[in-house]
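I have placed the structure first, in the form of C-alpha coordinates, so that the comments after it can refer back to it.
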Protein chains: 2
Amino acid sequence: MPSPGNPSAGRPRSEEAHQAILNATVELLAEQGYSALTVEGVATRAGVGKATIYRRWSSKLPLVVEAFSQLPSLEEVDTGDLVNDLEKMLREYLHLFHASPLAAVLPSLIGERRHNPELSELLDPVLRGRRQPLNRALERAQERGELRADVDLELAADLIVGPIAVRLFFSGAKIHPRIVGPVVQMALDGLRAVNSEG
Amino acid sequence: MPSPGNPSAGRPRSEEAHQAILNATVELLAEQGYSALTVEGVATRAGVGKATIYRRWSSKLPLVVEAFSQLPSLEEVDTGDLVNDLEKMLREYLHLFHASPLAAVLPSLIGERRHNPELSELLDPVLRGRRQPLNRALERAQERGELRADVDLELAADLIVGPIAVRLFFSGAKIHPRIVGPVVQMALDGLRAVNSEG
DNA sequence: ATGAGAACGGAACGTATAGTATCGTAATGT
DNA sequence: ACATTACGATACTATACGTTCCGTTCTCAT
(Lines give C-alpha, C1' and ligand atoms only; values in the text may rest on other atoms or scores of the structure.)
Protein backbone atom coordinates (compact mmCIF):
# COMPACT_ATOMS: atom_id res chain seq x y z
CA MET A 1 0.00 0.00 0.00
CA PRO A 2 1.37 3.40 -0.95
CA SER A 3 0.24 5.22 2.21
CA PRO A 4 0.61 3.41 5.50
CA GLY A 5 -2.20 3.73 8.03
CA ASN A 6 -0.23 5.78 10.50
CA PRO A 7 2.21 8.00 8.62
CA SER A 8 4.35 8.69 11.66
CA ALA A 9 4.89 5.07 12.57
CA GLY A 10 7.55 2.73 11.31
CA ARG A 11 10.48 3.32 9.05
CA PRO A 12 9.86 6.09 6.54
CA ARG A 13 10.32 5.45 2.89
CA SER A 14 13.76 6.31 1.65
CA GLU A 15 13.71 9.40 -0.50
CA GLU A 16 17.13 8.37 -1.68
CA ALA A 17 15.82 5.08 -3.03
CA HIS A 18 12.93 6.91 -4.65
CA GLN A 19 15.22 9.16 -6.63
CA ALA A 20 17.64 6.36 -7.42
CA ILE A 21 14.76 4.40 -8.98
CA LEU A 22 13.57 7.33 -11.06
CA ASN A 23 17.11 8.09 -12.19
CA ALA A 24 17.77 4.49 -13.13
CA THR A 25 14.52 4.43 -15.08
CA VAL A 26 15.48 7.54 -17.02
CA GLU A 27 18.93 6.20 -17.76
CA LEU A 28 17.75 2.82 -18.95
CA LEU A 29 14.99 4.30 -21.06
CA ALA A 30 17.50 6.56 -22.72
CA GLU A 31 19.96 3.75 -23.31
CA GLN A 32 17.70 0.95 -24.43
CA GLY A 33 14.26 2.29 -25.13
CA TYR A 34 10.91 1.49 -23.65
CA SER A 35 10.28 -2.09 -24.65
CA ALA A 36 13.69 -3.18 -23.41
CA LEU A 37 13.06 -1.68 -20.00
CA THR A 38 12.69 -4.28 -17.25
CA VAL A 39 11.78 -3.66 -13.65
CA GLU A 40 14.56 -5.97 -12.59
CA GLY A 41 16.98 -3.89 -14.58
CA VAL A 42 15.78 -0.75 -12.87
CA ALA A 43 16.04 -2.37 -9.46
CA THR A 44 19.58 -3.57 -10.12
CA ARG A 45 20.75 -0.24 -11.52
CA ALA A 46 19.19 1.60 -8.59
CA GLY A 47 20.64 -0.84 -6.04
CA VAL A 48 17.17 -1.59 -4.79
CA GLY A 49 14.86 -4.56 -4.39
CA LYS A 50 11.95 -5.02 -6.74
CA ALA A 51 9.55 -4.84 -3.82
CA THR A 52 10.74 -1.32 -3.09
CA ILE A 53 9.69 -0.32 -6.58
CA TYR A 54 6.29 -1.97 -6.42
CA ARG A 55 5.67 -0.41 -3.03
CA ARG A 56 5.73 2.99 -4.74
CA TRP A 57 4.38 2.28 -8.21
CA SER A 58 1.67 -0.21 -8.97
CA SER A 59 3.34 -1.30 -12.20
CA LYS A 60 5.97 -0.40 -14.75
CA LEU A 61 3.76 2.06 -16.53
CA PRO A 62 3.19 4.60 -13.74
CA LEU A 63 6.90 4.46 -13.02
CA VAL A 64 7.72 5.35 -16.58
CA VAL A 65 5.17 8.13 -16.62
CA GLU A 66 6.60 9.66 -13.45
CA ALA A 67 10.13 9.37 -14.79
CA PHE A 68 8.96 11.07 -17.94
CA SER A 69 7.20 13.82 -16.06
CA GLN A 70 10.44 14.54 -14.22
CA LEU A 71 12.08 15.72 -17.39
CA PRO A 72 12.76 19.43 -17.41
CA SER A 73 9.82 21.23 -18.90
CA LEU A 74 9.57 24.40 -20.91
CA GLU A 75 10.16 27.62 -19.06
CA GLU A 76 7.69 30.33 -19.80
CA VAL A 77 9.01 33.11 -22.00
CA ASP A 78 7.32 36.51 -22.07
CA THR A 79 9.10 39.12 -24.15
CA GLY A 80 5.96 40.96 -25.15
CA ASP A 81 6.22 39.71 -28.71
CA LEU A 82 4.55 36.49 -29.79
CA VAL A 83 6.99 35.54 -32.52
CA ASN A 84 9.85 36.07 -30.14
CA ASP A 85 8.21 34.05 -27.37
CA LEU A 86 7.37 31.17 -29.67
CA GLU A 87 10.77 31.04 -31.29
CA LYS A 88 12.55 31.01 -27.97
CA MET A 89 10.31 28.35 -26.50
CA LEU A 90 10.40 26.10 -29.53
CA ARG A 91 14.16 26.31 -29.68
CA GLU A 92 14.25 25.31 -26.04
CA TYR A 93 11.76 22.54 -26.82
CA LEU A 94 14.04 21.22 -29.53
CA HIS A 95 17.02 21.42 -27.25
CA LEU A 96 15.24 19.47 -24.52
CA PHE A 97 14.22 16.73 -26.88
CA HIS A 98 17.56 16.43 -28.56
CA ALA A 99 19.39 16.43 -25.25
CA SER A 100 17.18 13.80 -23.64
CA PRO A 101 16.66 10.55 -25.56
CA LEU A 102 13.90 9.85 -23.10
CA ALA A 103 11.69 11.75 -25.48
CA ALA A 104 11.78 8.64 -27.61
CA VAL A 105 9.51 7.10 -25.02
CA LEU A 106 6.68 9.49 -25.60
CA PRO A 107 5.37 7.87 -28.78
CA SER A 108 5.37 4.49 -27.08
CA LEU A 109 3.26 5.85 -24.26
CA ILE A 110 0.98 7.69 -26.64
CA GLY A 111 0.42 4.56 -28.63
CA GLU A 112 -0.80 2.59 -25.66
CA ARG A 113 -3.00 5.31 -24.27
CA ARG A 114 -5.97 4.46 -26.43
CA HIS A 115 -6.33 0.95 -25.05
CA ASN A 116 -5.21 1.69 -21.52
CA PRO A 117 -7.43 4.08 -19.55
CA GLU A 118 -5.17 3.91 -16.52
CA LEU A 119 -2.23 5.13 -18.55
CA SER A 120 -4.38 7.81 -20.10
CA GLU A 121 -5.34 9.21 -16.72
CA LEU A 122 -1.72 9.24 -15.68
CA LEU A 123 -0.24 10.68 -18.81
CA ASP A 124 -2.80 13.22 -19.97
CA PRO A 125 -2.26 15.74 -17.17
CA VAL A 126 1.48 15.61 -17.78
CA LEU A 127 1.02 16.29 -21.46
CA ARG A 128 -1.45 19.10 -20.80
CA GLY A 129 0.96 20.68 -18.36
CA ARG A 130 3.76 20.63 -20.86
CA ARG A 131 1.76 22.62 -23.36
CA GLN A 132 0.84 25.30 -20.86
CA PRO A 133 3.67 27.76 -21.54
CA LEU A 134 2.84 27.69 -25.22
CA ASN A 135 -0.86 28.18 -24.65
CA ARG A 136 -0.22 31.06 -22.27
CA ALA A 137 1.99 32.84 -24.77
CA LEU A 138 -0.80 32.59 -27.33
CA GLU A 139 -3.35 33.88 -24.83
CA ARG A 140 -1.20 36.87 -23.98
CA ALA A 141 -0.79 37.65 -27.66
CA GLN A 142 -4.52 37.52 -28.06
CA GLU A 143 -5.02 39.91 -25.16
CA ARG A 144 -2.46 42.28 -26.68
CA GLY A 145 -4.35 42.14 -29.96
CA GLU A 146 -1.50 40.42 -31.73
CA LEU A 147 -3.90 37.64 -32.55
CA ARG A 148 -7.55 38.27 -33.26
CA ALA A 149 -10.02 37.21 -30.60
CA ASP A 150 -11.61 34.62 -32.85
CA VAL A 151 -8.41 32.66 -33.50
CA ASP A 152 -8.74 29.09 -32.27
CA LEU A 153 -5.80 28.88 -29.89
CA GLU A 154 -5.72 25.12 -29.80
CA LEU A 155 -5.52 25.02 -33.54
CA ALA A 156 -2.83 27.68 -33.44
CA ALA A 157 -0.79 25.60 -31.01
CA ASP A 158 -1.15 22.50 -33.16
CA LEU A 159 -0.20 24.48 -36.22
CA ILE A 160 2.99 25.64 -34.57
CA VAL A 161 4.02 22.50 -32.75
CA GLY A 162 2.79 20.06 -35.38
CA PRO A 163 5.49 20.40 -38.01
CA ILE A 164 8.26 20.21 -35.44
CA ALA A 165 6.68 17.33 -33.57
CA VAL A 166 6.23 15.36 -36.77
CA ARG A 167 9.88 15.78 -37.64
CA LEU A 168 10.95 14.98 -34.14
CA PHE A 169 8.94 11.82 -33.70
CA PHE A 170 8.18 10.47 -37.12
CA SER A 171 11.14 11.23 -39.28
CA GLY A 172 13.37 10.97 -36.24
CA ALA A 173 15.80 13.35 -37.88
CA LYS A 174 17.81 15.90 -36.02
CA ILE A 175 16.37 19.34 -36.59
CA HIS A 176 18.37 22.51 -37.06
CA PRO A 177 17.15 25.13 -34.60
CA ARG A 178 17.31 27.44 -37.60
CA ILE A 179 14.10 25.90 -38.85
CA VAL A 180 12.10 27.20 -35.92
CA GLY A 181 11.98 30.78 -37.18
CA PRO A 182 10.43 30.00 -40.55
CA VAL A 183 7.98 27.53 -39.06
CA VAL A 184 6.68 30.06 -36.55
CA GLN A 185 6.50 32.73 -39.22
CA MET A 186 4.60 30.49 -41.58
CA ALA A 187 2.14 29.36 -38.98
CA LEU A 188 1.38 32.88 -37.82
CA ASP A 189 1.23 34.29 -41.32
CA GLY A 190 -1.12 31.49 -42.21
CA LEU A 191 -3.31 32.19 -39.19
CA ARG A 192 -3.44 35.91 -39.96
CA ALA A 193 -4.21 35.33 -43.62
CA VAL A 194 -7.15 33.10 -42.83
CA ASN A 195 -8.51 35.33 -40.14
CA SER A 196 -8.29 38.52 -42.12
CA GLU A 197 -10.68 36.90 -44.57
CA GLY A 198 -13.14 36.17 -41.78
CA MET B 1 13.63 -20.50 -43.21
CA PRO B 2 11.37 -18.29 -45.26
CA SER B 3 12.55 -19.53 -48.68
CA PRO B 4 12.99 -23.27 -49.08
CA GLY B 5 15.95 -24.49 -51.10
CA ASN B 6 13.91 -25.78 -53.99
CA PRO B 7 10.78 -23.68 -54.36
CA SER B 8 9.02 -26.24 -56.51
CA ALA B 9 9.38 -29.12 -54.08
CA GLY B 10 7.12 -30.06 -51.21
CA ARG B 11 3.83 -28.64 -50.06
CA PRO B 12 3.45 -24.99 -50.93
CA ARG B 13 2.70 -22.43 -48.27
CA SER B 14 -0.96 -21.73 -47.84
CA GLU B 15 -1.88 -18.30 -49.09
CA GLU B 16 -5.11 -18.71 -47.19
CA ALA B 17 -3.25 -19.12 -43.89
CA HIS B 18 -1.08 -16.13 -44.77
CA GLN B 19 -4.06 -13.85 -45.15
CA ALA B 20 -5.84 -15.31 -42.14
CA ILE B 21 -2.80 -14.47 -40.01
CA LEU B 22 -2.60 -10.90 -41.26
CA ASN B 23 -6.33 -10.39 -40.82
CA ALA B 24 -6.26 -11.79 -37.29
CA THR B 25 -3.35 -9.49 -36.48
CA VAL B 26 -5.22 -6.46 -37.74
CA GLU B 27 -8.35 -7.40 -35.83
CA LEU B 28 -6.58 -8.03 -32.56
CA LEU B 29 -4.51 -4.88 -32.84
CA ALA B 30 -7.66 -2.89 -33.40
CA GLU B 31 -9.46 -4.54 -30.52
CA GLN B 32 -6.79 -4.64 -27.87
CA GLY B 33 -3.86 -2.53 -28.91
CA TYR B 34 -0.25 -3.38 -29.53
CA SER B 35 1.03 -4.38 -26.13
CA ALA B 36 -1.83 -6.81 -25.62
CA LEU B 37 -1.13 -8.55 -28.90
CA THR B 38 0.17 -12.08 -28.47
CA VAL B 39 1.36 -14.44 -31.17
CA GLU B 40 -0.66 -17.22 -29.62
CA GLY B 41 -3.72 -15.05 -29.81
CA VAL B 42 -3.08 -14.40 -33.47
CA ALA B 43 -2.54 -18.09 -34.15
CA THR B 44 -5.75 -19.05 -32.38
CA ARG B 45 -7.83 -16.38 -34.08
CA ALA B 46 -6.39 -17.34 -37.45
CA GLY B 47 -6.91 -21.05 -36.82
CA VAL B 48 -3.23 -21.68 -37.38
CA GLY B 49 -0.25 -23.08 -35.52
CA LYS B 50 2.40 -20.76 -34.13
CA ALA B 51 5.04 -22.41 -36.29
CA THR B 52 3.13 -21.35 -39.38
CA ILE B 53 3.48 -17.75 -38.25
CA TYR B 54 7.17 -17.99 -37.44
CA ARG B 55 7.80 -19.71 -40.76
CA ARG B 56 6.74 -16.48 -42.46
CA TRP B 57 7.79 -13.77 -40.05
CA SER B 58 10.92 -13.89 -37.97
CA SER B 59 9.23 -12.27 -34.98
CA LYS B 60 6.17 -10.40 -33.88
CA LEU B 61 7.46 -7.04 -35.04
CA PRO B 62 7.73 -7.75 -38.78
CA LEU B 63 4.28 -9.31 -38.62
CA VAL B 64 2.84 -6.14 -37.13
CA VAL B 65 4.64 -3.98 -39.65
CA GLU B 66 3.28 -6.02 -42.54
CA ALA B 67 -0.22 -5.95 -41.09
CA PHE B 68 0.11 -2.21 -40.75
CA SER B 69 1.40 -1.81 -44.29
CA GLN B 70 -1.67 -3.65 -45.55
CA LEU B 71 -3.90 -0.81 -44.45
CA PRO B 72 -5.41 1.02 -47.38
CA SER B 73 -3.16 3.87 -48.38
CA LEU B 74 -3.91 7.28 -49.80
CA GLU B 75 -5.02 7.39 -53.38
CA GLU B 76 -3.33 10.01 -55.43
CA VAL B 77 -5.49 13.02 -56.26
CA ASP B 78 -4.65 15.29 -59.17
CA THR B 79 -7.20 17.99 -59.87
CA GLY B 80 -4.70 20.50 -61.19
CA ASP B 81 -5.09 22.64 -58.09
CA LEU B 82 -2.85 22.15 -55.06
CA VAL B 83 -5.32 23.28 -52.42
CA ASN B 84 -7.91 21.01 -53.85
CA ASP B 85 -5.54 18.04 -54.02
CA LEU B 86 -4.35 18.53 -50.48
CA GLU B 87 -7.79 19.01 -49.01
CA LYS B 88 -9.12 15.90 -50.68
CA MET B 89 -6.16 13.79 -49.66
CA LEU B 90 -6.09 14.98 -46.10
CA ARG B 91 -9.78 14.38 -45.70
CA GLU B 92 -9.22 10.86 -46.98
CA TYR B 93 -6.27 10.55 -44.60
CA LEU B 94 -8.48 11.52 -41.68
CA HIS B 95 -11.15 9.12 -42.79
CA LEU B 96 -8.67 6.26 -43.02
CA PHE B 97 -7.30 6.89 -39.58
CA HIS B 98 -10.66 7.35 -37.94
CA ALA B 99 -12.04 4.26 -39.63
CA SER B 100 -9.17 1.97 -38.73
CA PRO B 101 -8.19 1.79 -35.06
CA LEU B 102 -5.08 0.02 -36.23
CA ALA B 103 -3.65 3.48 -36.73
CA ALA B 104 -3.23 3.59 -32.97
CA VAL B 105 -0.34 1.20 -33.43
CA LEU B 106 1.76 3.62 -35.38
CA PRO B 107 3.02 5.64 -32.41
CA SER B 108 4.05 2.43 -30.66
CA LEU B 109 6.09 1.39 -33.65
CA ILE B 110 7.55 4.84 -34.07
CA GLY B 111 8.61 4.90 -30.46
CA GLU B 112 10.61 1.72 -30.72
CA ARG B 113 12.27 2.58 -34.01
CA ARG B 114 15.07 4.56 -32.43
CA HIS B 115 16.37 1.64 -30.43
CA ASN B 116 15.55 -1.08 -32.91
CA PRO B 117 17.39 -0.88 -36.25
CA GLU B 118 15.62 -3.95 -37.60
CA LEU B 119 12.25 -2.32 -37.04
CA SER B 120 13.52 0.88 -38.56
CA GLU B 121 14.51 -0.86 -41.76
CA LEU B 122 11.14 -2.53 -41.95
CA LEU B 123 9.00 0.44 -41.11
CA ASP B 124 10.74 3.33 -42.80
CA PRO B 125 9.97 2.30 -46.38
CA VAL B 126 6.33 1.86 -45.48
CA LEU B 127 6.16 5.32 -43.97
CA ARG B 128 7.98 6.86 -46.91
CA GLY B 129 5.61 5.18 -49.32
CA ARG B 130 2.60 6.53 -47.51
CA ARG B 131 3.78 10.09 -47.91
CA GLN B 132 4.35 9.72 -51.63
CA PRO B 133 0.95 10.97 -52.85
CA LEU B 134 1.35 14.10 -50.78
CA ASN B 135 4.89 14.73 -51.99
CA ARG B 136 3.87 14.20 -55.59
CA ALA B 137 1.04 16.71 -55.31
CA LEU B 138 3.49 19.27 -53.98
CA GLU B 139 5.95 18.52 -56.77
CA ARG B 140 3.28 18.95 -59.42
CA ALA B 141 2.27 22.26 -57.88
CA GLN B 142 5.88 23.36 -58.00
CA GLU B 143 6.12 22.42 -61.68
CA ARG B 144 2.94 24.36 -62.40
CA GLY B 145 4.44 27.35 -60.65
CA GLU B 146 1.86 27.22 -57.87
CA LEU B 147 4.74 26.91 -55.45
CA ARG B 148 8.04 28.68 -55.98
CA ALA B 149 10.96 26.50 -56.96
CA ASP B 150 12.86 27.28 -53.77
CA VAL B 151 10.15 26.01 -51.43
CA ASP B 152 11.43 23.16 -49.27
CA LEU B 153 8.91 20.46 -50.11
CA GLU B 154 9.71 18.34 -47.10
CA LEU B 155 9.11 21.27 -44.86
CA ALA B 156 5.91 22.02 -46.73
CA ALA B 157 4.70 18.46 -46.20
CA ASP B 158 5.52 18.61 -42.49
CA LEU B 159 3.76 21.94 -42.22
CA ILE B 160 0.62 20.50 -43.72
CA VAL B 161 0.57 17.08 -42.11
CA GLY B 162 2.00 18.17 -38.77
CA PRO B 163 -0.99 19.87 -37.21
CA ILE B 164 -3.32 17.06 -38.19
CA ALA B 165 -0.91 14.33 -37.14
CA VAL B 166 -0.40 15.95 -33.76
CA ARG B 167 -4.14 16.07 -33.15
CA LEU B 168 -4.56 12.55 -34.39
CA PHE B 169 -1.86 10.91 -32.33
CA PHE B 170 -1.20 13.13 -29.36
CA SER B 171 -4.45 14.66 -28.38
CA GLY B 172 -6.21 11.55 -29.63
CA ALA B 173 -9.30 13.63 -30.33
CA LYS B 174 -11.61 13.07 -33.21
CA ILE B 175 -11.08 15.71 -35.84
CA HIS B 176 -13.77 17.38 -37.87
CA PRO B 177 -12.93 17.06 -41.55
CA ARG B 178 -13.97 20.70 -41.67
CA ILE B 179 -10.64 21.60 -40.11
CA VAL B 180 -8.69 20.38 -43.10
CA GLY B 181 -9.54 23.35 -45.28
CA PRO B 182 -8.24 26.03 -42.90
CA VAL B 183 -5.14 24.03 -42.08
CA VAL B 184 -4.18 23.66 -45.71
CA GLN B 185 -4.92 27.29 -46.36
CA MET B 186 -2.85 28.43 -43.41
CA ALA B 187 0.09 26.27 -44.29
CA LEU B 188 0.14 27.40 -47.89
CA ASP B 189 -0.44 31.05 -47.05
CA GLY B 190 2.39 30.78 -44.58
CA LEU B 191 4.68 29.19 -47.13
CA ARG B 192 3.90 31.85 -49.71
CA ALA B 193 4.37 34.67 -47.24
CA VAL B 194 7.80 33.50 -46.25
CA ASN B 195 8.92 32.79 -49.77
CA SER B 196 7.75 36.06 -51.19
CA GLU B 197 10.11 37.75 -48.74
CA GLY B 198 13.04 35.72 -50.01
C1' DA C 1 16.09 1.09 26.80
C1' DT C 2 12.50 -1.45 24.62
C1' DG C 3 9.02 -2.74 21.54
C1' DA C 4 5.74 -1.87 17.61
C1' DG C 5 5.35 -0.68 12.93
C1' DA C 6 6.92 -0.15 8.44
C1' DA C 7 10.29 -0.06 4.82
C1' DC C 8 14.61 -2.10 3.39
C1' DG C 9 17.40 -5.48 -0.06
C1' DG C 10 17.19 -10.10 -1.52
C1' DA C 11 15.32 -14.10 -3.17
C1' DA C 12 11.82 -17.38 -4.31
C1' DC C 13 7.57 -18.07 -6.64
C1' DG C 14 3.45 -18.19 -10.14
C1' DT C 15 1.91 -16.81 -14.47
C1' DA C 16 2.25 -15.37 -19.15
C1' DT C 17 4.41 -14.91 -23.47
C1' DA C 18 8.18 -15.07 -27.19
C1' DG C 19 10.33 -18.15 -29.74
C1' DT C 20 12.06 -23.21 -30.74
C1' DA C 21 11.49 -27.99 -31.51
C1' DT C 22 9.00 -32.08 -32.43
C1' DC C 23 5.04 -34.71 -33.43
C1' DG C 24 2.12 -37.19 -37.04
C1' DT C 25 -0.42 -35.58 -41.19
C1' DA C 26 -1.43 -33.37 -45.71
C1' DA C 27 -0.16 -31.55 -50.05
C1' DT C 28 2.79 -30.96 -53.99
C1' DG C 29 6.44 -32.24 -57.67
C1' DT C 30 9.26 -35.98 -59.70
C1' DA D 1 5.73 -44.55 -54.91
C1' DC D 2 8.84 -41.22 -53.00
C1' DA D 3 11.13 -37.06 -51.49
C1' DT D 4 10.22 -32.72 -49.78
C1' DT D 5 8.02 -29.22 -47.53
C1' DA D 6 4.11 -27.05 -45.03
C1' DC D 7 0.40 -27.99 -42.00
C1' DG D 8 -1.92 -27.77 -36.94
C1' DA D 9 -0.91 -29.23 -32.43
C1' DT D 10 1.75 -29.60 -28.51
C1' DA D 11 5.60 -29.53 -25.45
C1' DC D 12 9.47 -27.02 -24.24
C1' DT D 13 12.96 -23.16 -22.83
C1' DA D 14 13.89 -18.61 -21.45
C1' DT D 15 12.57 -14.22 -19.96
C1' DA D 16 10.01 -10.88 -17.38
C1' DC D 17 6.05 -9.02 -14.73
C1' DG D 18 4.14 -8.87 -10.50
C1' DT D 19 3.55 -11.11 -5.65
C1' DT D 20 5.07 -12.85 -1.49
C1' DC D 21 8.02 -14.08 1.82
C1' DC D 22 12.47 -13.52 4.53
C1' DG D 23 15.61 -11.52 8.09
C1' DT D 24 17.24 -6.80 8.83
C1' DT D 25 17.17 -1.77 9.60
C1' DC D 26 15.17 2.41 10.69
C1' DT D 27 12.00 5.53 13.28
C1' DC D 28 8.72 6.73 16.72
C1' DA D 29 6.15 6.15 21.15
C1' DT D 30 6.40 4.75 25.61
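The values are calculated or read from the model by the stated rules, or taken from the named source; none is laboratory data. Since the model is a prediction, treat every value here as computed from it, not as a measurement. A quick note on method: Cβ atoms are made from the backbone with ideal geometry, for glycine too, and the neighbour counts reach across all protein chains shown. Accessible surface areas use protein heavy atoms only, side chains included; no ligands, DNA or RNA. Shrake-Rupley method; radii C 1.70, N 1.55, O 1.52, S 1.80 Å.
The condition of being within 7 Å of DNA strand C (Cβ to nearest atom) and not basic (Lys, Arg) does not hold for A:Gly80.
Among the residues of region A:156-179, those identified as modelled with pLDDT under 85 and assigned to a helix (DSSP H, G or I) are A:Phe169, A:Phe170, A:Ser171.
To keep it simple, each residue is scored yes or no on (1) outside the structural domain of B:Val26 (by TED's automatic domain parsing); (2) of a type in the set (Gly, Ala, Ser).
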| position | (1), (2) |
| --- | --- |
| B:Gly47 | no, yes |
| B:Pro62 | no, no |
| B:Val83 | yes, no |
| B:Pro117 | yes, no |
| B:Leu127 | yes, no |
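Each residue in region B:47-74 was checked for being under 15 Å from the mean Cα position of the chain (by Cα), among the hydrophobic types (A, V, I, L, M, F, W, C) and not in a helix (DSSP H, G or I), and 2 pass.
Please verify whether region A:59-75 includes one or more residues that are within 16 Å of DNA strand C (Cβ to nearest atom) and farther than 30 Å from A:Ala157 by Cα. Steps first, please.
Here is the first cut: in region A:59-75, the residues within 16 Å of DNA strand C (Cβ to nearest atom) are A:59-63, A:66.
The next check asks that each one be farther than 30 Å from A:Ala157 by Cα; those that pass are A:59-60.
For region A:59-75, residues within 16 Å of DNA strand C (Cβ to nearest atom) and farther than 30 Å from A:Ala157 by Cα: present.
Identify all residues within region B:43-88 that are of a type in the set (D, E, K, R) and under 23 Å from B:Leu123 (Cβ atoms); write none if there are none. B:Arg55, B:Arg56, B:Lys60, B:Glu66, B:Glu75, B:Glu76, listed by residue number.
The set of residues from region A:143-155 being open to solvent by 50 Å² or more (accessible area, probe 1.4 Å) and either assigned to a helix (DSSP H, G or I) or in contact with an Asp or Glu (Cβ under 6 Å, 6 or more places away or on another chain) (or both) comprises A:Glu143, A:Arg144, A:Glu154. Here B:Pro125 meets each of (1) surrounded by 15 or more Cβ atoms within 10 Å (Cβ to Cβ); (2) under 13 Å from the mean Cα position of the chain (by Cα) with one exception, condition (1). Of the residues making up region A:75-114, not one is surrounded by 20 or more Cβ atoms within 10 Å (Cβ to Cβ) and outside any helix (DSSP H, G or I). In region A:1-27, the qualifying residues are those that are touching a helix residue (DSSP H, G or I) at 6+ places or on another chain (Cβ under 9 Å) and aliphatic (A, V, I, L, M), and the one that is modelled with the lowest pLDDT is A:Met1. The set of residues in region A:53-66 being farther than 21 Å from B:Arg113 by Cα and either within 14 Å of chain B (Cβ to nearest Cβ) or open to solvent by 30 Å² or more (accessible area, probe 1.4 Å) (or both) consists of A:Tyr54, A:Arg55, A:Arg56, A:Ser58, A:Ser59, A:Glu66. Taken over region B:165-178, residues that are aliphatic (A, V, I, L, M) and more than 7 Å from chain A (Cβ to nearest Cβ) amount to 3.
Residues that are at pLDDT below 85 and either over 15 Å from the mean Cα position of the chain (by Cα) or closer than 26 Å to B:Ser100 by Cβ (or both) within region A:78-104 comprise just one, A:Ala104. Tallying residues that are in a helix (DSSP H, G or I) and surrounded by fewer than 18 Cβ atoms within 10 Å (Cβ to Cβ) within region B:21-46 yields 10. Hey, any hits in region B:2-17 for a residue that's open to solvent by less than 70 Å² (accessible area, probe 1.4 Å) and either assigned to a helix (DSSP H, G or I) or in contact with a strand residue (DSSP E or B) (Cβ under 6 Å, 6 or more places away or on another chain) (or both)? Yes: region B:2-17 contains one or more residues that are open to solvent by less than 70 Å² (accessible area, probe 1.4 Å) and either assigned to a helix (DSSP H, G or I) or in contact with a strand residue (DSSP E or B) (Cβ under 6 Å, 6 or more places away or on another chain) (or both).
The rows are residues; the columns are (1) touching a Leu at 6+ places or on another chain (Cβ under 7 Å); (2) modelled with pLDDT of 85 or more.
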position: B:Leu123; (1), (2): yes, yes
position: B:Asn135; (1), (2): yes, yes
position: B:Ala141; (1), (2): yes, yes
position: B:Glu154; (1), (2): no, yes
position: B:Gly181; (1), (2): no, yes
position: B:Met186; (1), (2): yes, yes
position: B:Asp189; (1), (2): no, yes
position: B:Glu197; (1), (2): no, no
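The set of residues in region B:103-159 that are touching a residue at least 60 places away in the same chain (Cβ under 8 Å), within 13 Å of another protein chain (Cβ to nearest Cβ) and touching a Pro at 6+ places or on another chain (Cβ under 8 Å) comprises B:Pro107, B:Ser108.
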